[in-house]
1. Please find, among Arg186, Arg176, the residue that is under 29 Å from Ala116 (Cβ atoms), surrounded by 15 or more Cβ atoms within 10 Å (Cβ to Cβ) and either within 18 Å of the chain's Cα centre (by Cα) or modelled with pLDDT of 95 or more (or both).
2. Out of (1) crowded, with 20+ Cβ neighbours inside 10 Å; (2) free of Cβ contacts under 8 Å to residues at least 60 places away in the same chain; (3) over 30 Å from Ala131 (Cβ atoms), the odd one out for Asp162 is which?
3. Anything in region 66-124 that is modelled with pLDDT under 90, of a type in the set (D, E, K, R) and farther than 22 Å from Leu258 by Cα? List them, or say none.
4. Among the residues of region 137-149, which ones are in a strand (DSSP E or B) and closer than 26 Å to Ser340 by Cα?
5. May I ask you to say which residue of Thr182, Thr202 is in contact with a strand residue (DSSP E or B) (Cβ under 9 Å, 6 or more places away or on another chain), under 18 Å from Val263 (Cα atoms) and either touching a residue at least 60 places away in the same chain (Cβ under 8 Å) or hydroxyl-bearing (Ser, Thr, Tyr) (or both)?
6. Looking at Ala303, Ala309, Ala330 in this structure, which one is part of a helix (DSSP H, G or I) and surrounded by fewer than 18 Cβ atoms within 10 Å (Cβ to Cβ)?
7. Which one is modelled with the highest pLDDT, of the residues in region 228-280 that are part of a loop (DSSP other than H, G, I, E, B), of a type in the set (Gly, Ala, Ser) and within 30 Å of Asp339 (Cβ to Cβ)?
8. Condition (residue is in contact with a Leu (Cβ under 8 Å, 6 or more places away or on another chain), more than 21 Å from Asp356 (Cα to Cα), modelled with pLDDT of 95 or more and of a type in the set (A, V, I, L, M)) applied to region 152-167: is it met by at least one residue?
Amino acid sequence: MPAKTMTKTLTSLAPAFALPVLFLGYAVVANYEFISGLGRDLAKMPQSATAYLSGEAAVEIDAYYKKIMPHRLPSIDLMGAARYLVFKEGRKGVLVGKDGWLFSREEFEATLTGPANLAKAREGLLSVRDALAESGVKLVLLPLPAKVDIYREHNESGAIPDDLAKLYADFVSLARSLGIDTIDARSALVTGKDEAPLFLTTDTHWTPSGAARVAEATGAALGKGTQTFTLTLDAPQLRDGDLSKFIVTGGLAPLVGLGPETVVPYVAAAASPVPDNDIFGSGSFPYALVGTSYSANGLWSFAESLKSALGADVLNLAEEGRGPVAPMQAFLASDTLRDSPPETVLWEFPVRYLGDAKLWSAEVKSP
């Protein structure tokens, strides 16, 4: 290779190697500081073999590591910020789109394994449908589309949004072929995206406006009851995006354009007294909502919007951090279903979870 060409090539590669070299240099210096400090303070460390066998020593050494290197976490944040600004990349778990938009890697991975998992999804949906039917409860599926599908203009990963749209359509078709009523949340979000932000830029979740759009579609499909609920705005709250934490976790986030976003939740107030529904007694709710953090977190106001759109009270049994299937299994095994079953169960189900091969591994428990 000519010297001029080699020089040009090395120059073009320099930015790509800059961060790894800096990080390696930091690691060498930092760990030299740790080891030399540990040598000086060795007498302070546990001396007995029992302490090492029981794990006590490991805990103390870890605490010592953090104490002697207080700059460790800020340095990691600094490297994360630099990697984001220079290469538009984050740690595993996030994919960086255009204009500061962040997307969950789970959405992209769902396109690889989701279609193959539809057979398992069929068995799971059948089990839930039949278990609820035994108690005289109707199942309505609320599949939620991927964020990158709705905001595909901010995507930089080719045909991924189209693949996710197909996965969504296949899941809806599957449910309907089993006689399960399904709400088309995707169409509601696609048609409403120009009216208000429907997903947060740096977070996996939707906004209260996005949740309200799907609630309205649910009310239009299922009909509205006689109870009137009035939606009012609650106090604004700042939300640190759960996806931005894969890039920076400290005070650097606002400096790289990943600062907290403002969310204004809704509160649903009944216009007339609502009967005292005791879920452990004879009373029952017309609707129960089962699902993920999209429903469980009151910040998104999905249950509140459903009350208004359905004209009926909604028992919110969704759970955070457990996916869509585990909360449903818990409900099927609960005293609530046995003693005071709702008329209808709304099952909120993000399609990105279809990429999880272990999603349906546990058997659905019958009531």
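1. Of Arg186, Arg176, the one residue that is under 29 Å from Ala116 (Cβ atoms), surrounded by 15 or more Cβ atoms within 10 Å (Cβ to Cβ) and either within 18 Å of the chain's Cα centre (by Cα) or modelled with pLDDT of 95 or more (or both) is Arg186.
2. Exception for Asp162: condition (1).
3. Matches in region 66-124: Lys66, Lys67.
4. In the first step, residues of region 137-149 are kept if they are in a strand (DSSP E or B); the result is 138-144.
Scanning region 137-149 gives Lys138, Leu139, Val140, Leu141, Leu142, Pro143.
5. Working: Thr182 fails: under 18 Å from Val263 (Cα atoms).
None of the others qualify; the one that does is Thr202.
6. On the way: Ala303 fails: surrounded by fewer than 18 Cβ atoms within 10 Å (Cβ to Cβ); Ala309 fails: surrounded by fewer than 18 Cβ atoms within 10 Å (Cβ to Cβ).
Of Ala303, Ala309, Ala330, the one residue that is part of a helix (DSSP H, G or I) and surrounded by fewer than 18 Cβ atoms within 10 Å (Cβ to Cβ) is Ala330.
7. Here is the first cut: in region 228-280, the ones part of a loop (DSSP other than H, G, I, E, B) are 228, 234-236, 240-243, 247-252, 257-260, 264-265, 271-280.
Adding the requirement that they be of a type in the set (Gly, Ala, Ser) leaves 235, 241, 250-251, 257, 259, 271-272.
Of the ones still in play, those that are also within 30 Å of Asp339 (Cβ to Cβ) are 271-272.
Details: Ala271: 83, Ser272: 69.
For region 228-280, the residue satisfying everything is Ala271.
8. no
The values are calculated or read from the model by the stated rules, or taken from the named source; none is laboratory data. Please read these numbers as outputs of a predicted model, since none were measured by experiment. Neighbour counts run over all protein chains shown; Cβ positions are idealised from the backbone, glycine included.
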